[in-house]
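Asker: A single structure is presented below for examination.
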Amino acid sequence: MPGKTPHSNGNEPVENGVRKNQDVDMTDEKSSLKGKGKKGVKEGEDMTVVVPPSKTTKQSSQPPPPDADGDVEMDVDKPEDLEVKVDPVTQVITDIKSNFALLDRAVALFDARFTLRALRSISSLRKRLTPDILAQVIAETFSVSSTSASVAKQLLVAIGKEDVPLGRQASSEMEIDSEPKAPAKNGNKKENKEVIPEIDIFLSILVQVYLFDSKQFQQGAEFSKYLSERIHSLNRRTLDSLSAKVYFYYSLFCEQLAPLPPSPQSPIVAIRPTLLTALRTAVLRKDIDIQASVIVLLLRSYLLTSHISQADLLVSHTQFPENAANNQVARFLYYLGRIRAIQLRYTEAHEHLTAATRKAPASSCALGFAQTATKLLLVVELLMGDIPERATFRVPSMEQALHPYFLLVQAVRVGNLEDFEVTIAEHADTFRRDGTYSLILRLRQNVIKTGIRMMSLSYSRISLRDICIRLHLGSEESAEYIVAKAIRDGVIEATLDRERGFMKSKEVGDVYATREPGEAFHDRIRACLALHDESVKAMRFPMNQHRLELKNAQEAREREREMAKEIQEGDLDEDDLGGDFEGM
Amino acid sequence: MAERNLQQILNQLRSNPGLPYPEASSLLSKAKIQLLQLKAATPSAPGTPGASPQHLALARDVYEQGALFSIRARNPDAFTRYVSQLQPFYELPATAGSGERNKVTGLYLLLLLTQGRYAEFHSELETLSTRAKEGGAGEIEGDRFLGYPIKLERWLMEGSYDRVWKAMKSREVPSEEYGVFSEILTSQIRSEIASSSERAYPSLPLSSTKSLLFLDSEGAVIDFARHRGWTVRDGNIYFPTSAATVDGEPVNVTSDADAGDDKEFSRMVIENTLGYARELETIV
C-alpha cells in the first residue's frame, strides 16, 4: 500500500501535462462532430451560445465548428499563448513530429496509451493545419528510397501537393529553430530507418482532418476509402486506435456527401458493410477502440436514415465494450436513449440519456452534444410524466438553445392544451431539426393527463363538461373516456358518476406513509455506491508495481524477522529459551 | 415473355379485388416464379448488375397486390411477409413514386396498432416522418392512408375512444381494406373501456353502459358483463375487482396481502441496510 502512492505521484507530472490537454481536446473534437453532424444548422445555434469565459485561456479550446480558414486564424491567435519568437509553422511541424516519438514508443512497448496520447494532440493541431505544413512534414518524414514512398505520394496527392519532392532534409527547420531540438533530432533519425506504418496512418488522419475542415468531402471520402483498405491490408494491432479514428472520419465524410442522410441513397448506407466487417474483426480481436467507435458510427448512420429497427437489432446483437473511452460511451448512450425513446421505453431511455449527459465532458467545448442530449432528455422526462427542473433551463450555455423546450415544459406543467399546441406550431422547425418532433407530438396525452391531475387536485368535484371546456377536448364523451383512462392508469385517484356527469376526487394519501421515500433513498445510495465502484475501477496502476511492492513488503518482513531474531536472541540470553521462529 | 405474363397477372389482380384468396394466391405464386426468372424477386445489392428498374417496379406491384389480398383474406402473417419483402423496394430510388406505398404502409401501421406492437409502430412512424421531410411531401398526417392510423393511435393513447369509434363508423375509413381492422379495434377499445370503467365507476346503470361500450342492446351489455365477470343487480352493474381494491367486503384478503407486503418490505429494508454496511466496510 505505501509504495503505491509515491510512485504514481512520480508519474503524475508527465501525465498531467498531457491530460490537461486531453480534456479539452477530446471535447473539442466531439462537439465538432455534433456541431457539424447535426446537419450544420446547429452550428449557428452553438455559436450564439458559446460565450464561455474560459475560451481565451486555453489555446486549443477554439469554438467547435471549425472554419475553413483555420490556418489564418491560427496566425492571429497563436502569439498570445506561445513564445512569440517561434515561427508558428515550425511550431506546428515540431508538434506533429513530437507525436512520432510517441507512436514509436507505442509500437515498441505495445502500449496503446501512447497512441492515444498522439491522437489527443490532433485537435490542438487541427486549427493550424495547412497543406503546406502537411506537405513539408510528409516530405521530411519519407525518403524517396523507402518502400512507403508510394504511400507518401498518395498523401501528397490527397492534399493537392503532389509536386513536393520527398526526402527533403529538414534544413529549413534547422535554420529557424532555436529551441525544439529533440523532436528535430527525432525527425532526422527517422530518415535512416523505415517509417513505421503507424506514423503514416497518423499523417493520413491529419490529412483527413484537414480535408474535413476545409470541406473537401468528396476528396476526403475517396481518400478515406483508400485508407481503410490500406489499414485492412496492413493488419497491425498497434494501429487499432488509429484505425478507429480513420473509420470515424470516413463515416463523417460520407455523411456530408451528395444525397444527404435521410435519403436511403446516401453514401453512408454504402459504407455500412465496411464498418460491419471492421466491427466483426474488432470483436474477434477484442479491440475495444474500433468496436466502440464503429458501433457508435453504425448507430449514428442507422438513426440518420431512420432505420430504427436495424439500430435496435445492432444494439441487441453487439455488446458495447465496457471500458471504452468515455466519449464513445457518452455517444453510445445518447443513441441508445434515442432508440429507446422512439420505442416508447421511456424509463430505459431516461436512464441512458441521464448517463449520457453526465458523461458528456463538462467543459464548454462539447456544448453541442450536451445540448442535444439535454433536449432529448427533457422530452423523455416529459413523456414519463415528470417535469424537468427549472435549473436546467437557467444554465447560461443552455438557456437559449433550450428556450422552445422551456415553453413546452411550461405548457405541459400547467396542462394547458392550447399553449401546448401553439408552442408546437411555433417551434415545429426547431423540433424537427432536433429530431424530437415526433416525440413531442406524443406529449399531447401527457398534457391532458396533467390537466386532469391539476383539476382533480384543485376540485373535490367537477363536472365533465367543465373538464371538457378547460382542456379543450372535443366532447363530453371524450372527456369521460379520458378521465376513466386516467383513473385506470393511476394518474388520479377519483371516481366518476355517470348519471350526474361529474368527477369526484378522493383524498390523497400521505406520501411518507408509503415506501416511495425509502425506494428513492435506496436508489440514491445505490447510485453513489456505483459511482464509488466506478471510480475505483477507473484508477490506473502502473505495470509491475505490485512486484515492487511485494519486494518492499518482503524486505520489510525480513527486517522484521531479523529484528525478531535479535530480540529472540536477546531473549534467549536472558530466558534461556529454545524456539524455532523460522517458520514464521 | 415473362414480363408480359406478369403484366397480365397484375391486371387480373387489380381488376378483381374481390377474387377469392386461394385463386389470388395461386396467381401470385405464378407471378413470383416469373419474377425469379427475371431475377427481380429481390433488388440486388448496389454496384452489382441487377434487374432493370421496370422489372423491379413490376415486382413491387406484385408484392403490393399480394399484401392487399392477404389483408382482404385477413391473413396478417402473409401480410407482414409481403410488407417485409416490399421494404427493400421502397428504398430504391427508381421505384420511389409508387401508388400503393402509402396504402400498404398505412395498413401495416394499423396492423401493428391492433396487435399492440407500439414500439414498432413508432419506429415505422419515425421512418415515415424523415421520408416526408426529405420528399417535401408535407405532413404525413395529411395523407389519407397514413393519417388514419396515426390519428387512431393518438386517440387511443389519449383515451378519446368515442372519436376512434366515430372514425371507424364514418366515411373516414380510407379504403375497404382498412375496414378489416375495425372489428379487432372495436373489441380492443371495448375491453379498454371496460377495464377503465372497472376502476372509475362504483357502479353503472345498464342503459348508459350500452352507449358507453358501443353495444347495440342491453342484452348484449348483460352478455358482455357476464363475460367480464361483472355482477348485474337491479339494472346496475357492479364491478367485483374494484370492490376488492377499495375498502369493500373482502377486507381479509387485502389485510393478508398487506401483511405479506409488510414482511417483504421490512425484509427489503434490512437487506438494503446490510448491503450499505457491507459496502461501507469495503470503502473504509
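The values are calculated or read from the model by the stated rules, or taken from the named source; none is laboratory data. Owing to the predicted nature of the structure, the values given are computational and were not obtained by experimental measurement. Note that each Cβ is placed from the backbone with ideal geometry, even for glycine, and that neighbours are counted across all protein chains shown. When the accessible area is computed, the model is the full protein with side chains, heavy atoms only, and any ligands, DNA or RNA have been set aside. Shrake-Rupley method; radii C 1.70, N 1.55, O 1.52, S 1.80 Å.
Asker: Describe numerically, in nm with one decimal, the distance between label points set 7 Å from Cα along Cα→Cβ at A:Phe521 and at B:Asn236.
Answerer: In this crude label model, A:Phe521 to B:Asn236 measures out at 4.4 nm.
Asker: In percent, how large is the relative contact order of segment A:394-505, given Cα pairs closer than 8 Å and 6 or more residues apart?
Answerer: Relative contact order of segment A:394-505: 23 percent.
Asker: Which distance in nm do the two modelled labels at A:Ile387 and A:Glu562 give, with both placed 7 Å along the Cα-to-Cβ direction?
Answerer: 7.4
Asker: Evaluate E = 1/(1 + (r/R0)^6) for A:Ala553 and A:Leu284, where r is the Cβ-Cβ distance and R0 equals 56 Å; express this FRET efficiency to the nearest 0.05.
Answerer: 0.90
Asker: While we're on this one: Keeping all protein chains in position, work out how much accessible area A:Arg128 exposes to a 1.4 Å probe, and write it in Å² to the nearest 10.
Answerer: 10
Asker: Hey, another quick one. Between B:Gln7 and B:Ser175, what FRET efficiency comes out of the Förster formula 1/(1 + (r/R0)^6) with R0 = 25 Å and r the beta carbon distance, rounded to 0.05?
Answerer: It comes out at approximately 0.60.
Asker: So, in nm, how far is label A:Ala362 from label B:Gln87 when the simple model puts each one 7 Å beyond its Cα toward the Cβ?
Answerer: Placing both labels 7 Å along Cα→Cβ, they lie 4.4 nm apart.
Asker: So, one more: Name the residues whose placed amide hydrogens come within less than 5 Å of the amide hydrogen of B:Thr231, ignoring near sequence neighbours (fewer than 5 apart) on the same chain.
Answerer: Placed amide hydrogens put B:Tyr238 under 5 Å from B:Thr231.
Asker: Turning to a different aspect of this structure: Using the Karplus curve 6.51 cos²θ - 1.76 cosθ + 1.60 with θ = phi - 60°, work out ³J(HN,Hα) for each residue of segment A:293-310 in order, rounded to whole Hz, and write x for Gly and Pro.
Answerer: 6, 6, 4, 4, 5, 5, 4, 4, 5, 5, 5, 5, 9, 6, 8, 5, 5, 5
Asker: Related question: If R0 is 60 Å, what FRET efficiency do you get for A:Asn235 and A:Thr514 from their C-beta distance, rounded to 0.05?
Answerer: 0.50
Asker: Anything over 23 Å Cα to Cα? Flag those among A:Lys127/A:Lys359; A:Lys127/A:Lys215; A:Lys245/A:Lys537; B:Lys169/B:Lys210; A:Lys449/A:Lys506, in the order listed.
Answerer: Working: A:Lys127/A:Lys359 26 Å; A:Lys127/A:Lys215 14 Å; A:Lys245/A:Lys537 26 Å; B:Lys169/B:Lys210 17 Å; A:Lys449/A:Lys506 17 Å.
Beyond 23 Å: A:Lys127/A:Lys359; A:Lys245/A:Lys537.
Asker: Which length gain, in nm to one decimal place, applies between B:Ser207 and B:Gln54 when the Cα-Cα distance is subtracted from 0.36 nm times their residue separation?
Answerer: Going from the current span to full extension adds 49.1 nm.
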